[in-house]
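Notes follow once the structure below has been shown.
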Amino acid sequence: MIKYILKRILQMIPTVLGVILLTFILFNVVGGDLAAIALGKKVSLQTLENFDEQRGLNKPLFFGTRAKSRAYEDLDLSAGAGRWRNWSNAVYSAEAGTVTLQPNASINPLAFELGAEDEFIWTLSFRGEGTLAGEPLSSTDWKSTKVRFNGGDAGFQTLENTLEIQKLKLRRVNRNPFDSQLTFYIRQLLRGDMGYSEGFKQPVAKLLRDGVLPSLSLTIPIFIIGLVVSISLSLVCAYFRDAFIDRFLVIFSVALMSINYLVFIVAGQYFLAYKNGWFPVWGYESVKYLFLPVLIGVISGLGSNIRFYRTIMLDEMYKDYVRTAFAKGVSKPRVLFVHVLKNAMIPIITNVVIAIPFLYTGSLLLESFFGIPGLGYLSINAILSADIDVVRAIVLIGALLFVVSNLLTDICYAAADPRVKLK
Amino acid sequence: MVCLGLVVIFTLLAIYGEIVYQVHDFRDITPAYQKTDLDMQFQPPSSKHWMGTDGLGRDVMSRLIQGVSIAYKVGIITSLIAIPIGVFFGCIAGYFGGKVDDVVVWLYSTFASMPGLLFILAIAMVVGKGLLGIYLGIGLTTWVGICRLIRGEVMKHKEQTYVQAAKALGLSSGRIMFKHILPNISHIIIVTFSLRFPAAVGTEVFLSFLGIGVQDQPSWGLMINNARMRLWQGMWWEMTFVTIALFLLVLAFNLLGDALRDALDPRLND
C-alpha cells in the first residue's frame, strides 16, 4: 500500500509542475502586461518599476542575460520622437528619423535614476561626437555601438559638436541567466508567498485566509444537503424504475439542468427575498443570510446530480450480486439501501472527493449576488479589476487542491479495491 | 421530435440574426435591434413590440433574436477550437501509446486540474474583453473531455482487424488514424458537440453577464444583466423572455444530445 501511495505521489509531480507552468504561461507570458493595470492609469514609471521589481516582472521570462527596464522603452526614432520631444536642445527630424543633440547639451533620457548595483547596456546607432554615460562617442559615419555602465549617470553630453542618434535601447545585465520570471515565481511559491494584491493593498495570502471561512460556510451546506437530497432521489428513481415517479424525476432533472444558474439566482433573490421577504436580500451578518444562497445552490446542482447518481444506481442494479440477493428473498428496500448503496459508494466517493477543491474556491455568482465576502466574490472582483496576483493565486490553489484530491481518490480506491494497485 | 423542431427553429433564427447583422454591418446603418427610442422606454409587451422594450426603448424581441445568433456563434466556434484539439491529441495518444501517450495524458490532466469557470474567466481576462476572449476561454478549456473519450476509443479500435489489415497494407499512421479509425468513432464527436453546445452557451451568458464577454452586441447575458435591476421595479418582460429563450435552447440541445447518444452509442451512457 505504501509503495502504491509513493508511486502515485511521484506521478503527481509532473502534473503539479504542469499546473505551475500553465499558470505562469497564462499570467506572465500572455497576461504579463496586464499586471500593471491594477495600479491605475496615471502612475509614474518609477512606481511601475517598483511594481515589476516586487513581482520579478523586470526579469527575462524563462532564460536570458538581458532584461528590459521601465526606465527607457525601446525607441526607433524613425517611428516618432517619443520622449525626445521634451528637450529643446534636441532637434527631431521626422524625414531622417533622427534626433540631433545641439552643442553643449546634457540630456538624460531615462525616466528615473537607475539602481547603482546593476550593470546596464545602451545600444544605439549614432553619428557625431559626444559622450554617453561617461563613454566618449565619436564617428563621422553612422555607427552602432554598445555602452556598458553601472547605474548613476546614464545621460548624453555634447561639447562643441552635435550628436545624431537613430535607434536607442536600454538593457539591464542579468548576471545569472537563470534568474528569470519563472524561477522567481517558483521560488516565491516555495516560500509559500502568494504575492501582493495591488487592488486591495494586502498580501494575497491574507485575502485568501479571510475569504476561506465565508466560502466554506456557503459551500459545505450546499454540498452536504445537495448530496443527501440527490442520492435519496436517485434511490427513489432506482426503486421505482420506469414508474411514473422515475420518469418525472428524470424529466425534472433535465429541466433543472437546462435552467441557467443566473436565472435561479435572479429569480430566487427577486421572488423569495424581495417580493415575499422570506429571506434577507443581501449581506453576511448571521446564519439567516445563508439560507437563500444555500437553497439556490442546492436546487441548481440538483439536476445533474440526480442524473449522475441515478445512472450509478441503475448500473449497480444489473449486477449479479443484486440478482442473487433478490433470489435469496431479500426485500427490495434492503437490497437497494444496504447492498446497492454500499457498492455504489466508490463512484460516489470519487464524485465527492473531486468536488472538494470547488468547495474551497467558493461559488463565484452566489457570493457576489448575495454579498458573501468569500473567495468567489474575491475572484470576481479581482478579475474585473485585473488583479493578476489574486487570480493567479486562486487558480493555482484550486488546481493544486484538485491534484491532491485526485490522489486521495486513488488511495481510497486502492483501499477499497486491491485490484487497483496492480494496474 | 419537439426538441429537434426547436433546434431547427433556433438555428433558423440564428442564421436570420447573423444575416441581419452582416447586412447592417456591411451597409453601415444602425440595425433595428440597436435603435434607441427614448419615448418608448420600458413599454410592456404590445402589438407593436411583442416582447416590450428595454431601458433605451429598444425592441426586446429583435434583440433576443440577435442573441440567438451570438449564442450559436459561441457554441459553434468554441467547438471548432475544442473538438479538433481534443480529437487530434486523443488520436495520437491512443494510436501511438508510449511516450506520446504520456505527454498527452500529462497535458490533459494538467488542464483538467484547473478550476473550471475560474480558468475560463482568467483566460478571458488575459485575452481581453470581447467575443475572442470567450471563444478562447471556453475553447481551450473544454477539449479535455473529448480528448479522453477519443483516446480510449482509439485504443480499443487499434487492436481491431481492420486496423491490422490497414497496417499490413503499409498505410501511413496518419492515414490509418484519420481515414480509417476516425470515421468509426465520429459518433462520439457528434454527441459531444450537441452536449457541449448548451454548456458553452450557458458559459457565454455568464461571462457576458459579468461584463467580461460581449460588449455592445445584444447577448443574452448582457440582457439579463440589464433586466435584473428593472425586474425589481416590476418590468418583468425582458427578464422573462430572455430566460424562456435560454431555457428552451439549452433544453432542446440537452434532449437532442441525449437522444443522439442513445441512438448512436448506447455504451456511452454515463
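Remarks
- Hits in the stretch A:175-199 - residues which are more than 25 Å from A:I13 (Cα to Cα), at pLDDT 80 or above and open to solvent by less than 50 Å² (accessible area, probe 1.4 Å): A:S197
- Residue, nearest to A:A355 (Cα to Cα), within the stretch A:406-415, restricted to residues that are among the hydrophobic types (A, V, I, L, M, F, W, C) and open to solvent by less than 40 Å² (accessible area, probe 1.4 Å): A:L407
- Hits in the stretch B:236-256 - residues which are farther than 12 Å from B:V60 by Cβ and more than 10 Å from chain A (Cβ to nearest Cβ): B:L256
- Number of residues in the stretch A:1-24 that are out of contact with any Leu (no Cβ under 6 Å at 6 or more places or on another chain) and within 9 Å of chain B (Cβ to nearest Cβ): the value is 8.
- Of the candidates A:Q269, A:Q202, the single residue that is polar (S, T, N, Q) and buried (at least 16 other Cβ atoms within 10 Å of the Cβ) is A:Q269.
- Residue that is surrounded by the most Cβ atoms within 10 Å (Cβ to Cβ) [pool: residues in the stretch A:112-131 that are within 19 Å of A:N89 (Cβ to Cβ) and of a type outside the set (A, V, I, L, M, F, W, C)]: A:G130
- A:T23 among the polar types (S, T, N, Q), surrounded by fewer than 16 Cβ atoms within 10 Å (Cβ to Cβ) and either at pLDDT below 80 or within 15 Å of the chain's Cα centre (by Cα) (or both): no
- Any hit, the stretch A:37-52, residues being open to solvent by 20 Å² or more (accessible area, probe 1.4 Å), within 14 Å of chain B (Cβ to nearest Cβ) and modelled with pLDDT under 75: yes
- Matching helices (runs of 4 or more DSSP H) fully within the stretch B:161-270 where at least 3 residues are closer than 23 Å to B:R148 by Cβ: B:186-210, B:237-264
Yes/no per residue for (1) open to solvent by less than 40 Å² (accessible area, probe 1.4 Å); (2) in contact with a helix residue (DSSP H, G or I) (Cβ under 7 Å, 6 or more places away or on another chain); (3) within 28 Å of A:I265 (Cβ to Cβ):
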position: A:V335; (1), (2), (3): yes, yes, no
position: A:P373; (1), (2), (3): no, yes, yes
position: A:L378; (1), (2), (3): yes, yes, yes
position: A:V404; (1), (2), (3): no, no, no
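- Some residue of the stretch A:276-287 being assigned to a helix (DSSP H, G or I) and either basic (K, R) or touching a residue at least 40 places away in the same chain (Cβ under 8 Å) (or both): no
- The set of residues in the stretch A:361-384 that are within 11 Å of another protein chain (Cβ to nearest Cβ) and over 16 Å from the mean Cα position of the chain (by Cα) comprises A:L365, A:S368, A:F369.
- The criterion of at least 2 residues that are closer than 22 Å to A:F308 by Cα, β-branched (V, I, T) and in contact with a Gly (Cβ under 7 Å, 6 or more places away or on another chain) is met, among helices (runs of 4 or more DSSP H) falling completely within the stretch A:174-275, by A:204-239.
- Those residues of the stretch A:385-418 which are charged (D, E, K, R) and either more than 27 Å from B:M125 (Cα to Cα) or within 11 Å of chain B (Cβ to nearest Cβ) (or both), in sequence order: A:D387, A:R392, A:D410, A:D417
- Residue list for the stretch B:1-22, filter: open to solvent by 60 Å² or more (accessible area, probe 1.4 Å) and part of a helix (DSSP H, G or I): B:V2, B:L4, B:V8, B:I9, B:L12, B:I15, B:Y16, B:I19, B:Q22
- Of the helices (runs of 4 or more DSSP H) lying entirely inside the stretch B:32-131, the ones with 3 or more residues being away from every other protein chain (no Cβ under 14 Å), farther than 30 Å from A:M12 by Cβ and open to solvent by 20 Å² or more (accessible area, probe 1.4 Å) are found at B:60-96.
- You will find that of B:S186, B:S219, B:S208, the residue that is of a type in the set (S, T, N, Q) and open to solvent by 30 Å² or more (accessible area, probe 1.4 Å) is B:S186 and no other.
- Single residue of the stretch A:278-311 satisfying the filter (within 13 Å of another protein chain (Cβ to nearest Cβ) and open to solvent by 20 Å² or more (accessible area, probe 1.4 Å)) that is nearest to B:W232 (Cα to Cα): A:V281
- Residues being open to solvent by 70 Å² or more (accessible area, probe 1.4 Å), closer than 30 Å to B:C3 by Cα and aliphatic (A, V, I, L, M) - total across the stretch B:162-183: 0
- Condition met for B:L171 (without any contact (Cβ under 8 Å) to a residue 24 or more places away in the chain and within 14 Å of chain A (Cβ to nearest Cβ)): no
- Of all residues making up the stretch B:189-205, the number that are buried (at least 18 other Cβ atoms within 10 Å of the Cβ) and either farther than 30 Å from B:G128 by Cα or over 21 Å from the mean Cα position of the chain (by Cα) (or both): 1
- Near pairs, Cβ below 8 angstrom, 6+ apart or cross-chain, from the stretch B:19-42 (farther than 18 Å from B:I70 by Cα) to any residue that is open to solvent by 60 Å² or more (accessible area, probe 1.4 Å) and at pLDDT below 75: B:T36/B:L56; B:D37/B:L56; B:L38/B:L56; B:Q41/B:L56
- Scan of the stretch A:132-174 for residues that are open to solvent by less than 60 Å² (accessible area, probe 1.4 Å), more than 47 Å from the chain's Cα centre (by Cα), without any contact (Cβ under 8 Å) to a residue 60 or more places away in the chain and closer than 17 Å to A:I107 by Cβ, ordered by number: A:L137, A:T158
The values are calculated or read from the model by the stated rules, or taken from the named source; none is laboratory data. Remember, it's a predicted structure, so these values are computed and weren't measured experimentally. Glycine gets a Cβ as well: all are built from the backbone with ideal geometry, and neighbour counts include every protein chain shown. The protein model used for the area step is the full one, side chains on, heavy atoms only, and it has no ligands, DNA or RNA in it. Shrake-Rupley method; radii C 1.70, N 1.55, O 1.52, S 1.80 Å.
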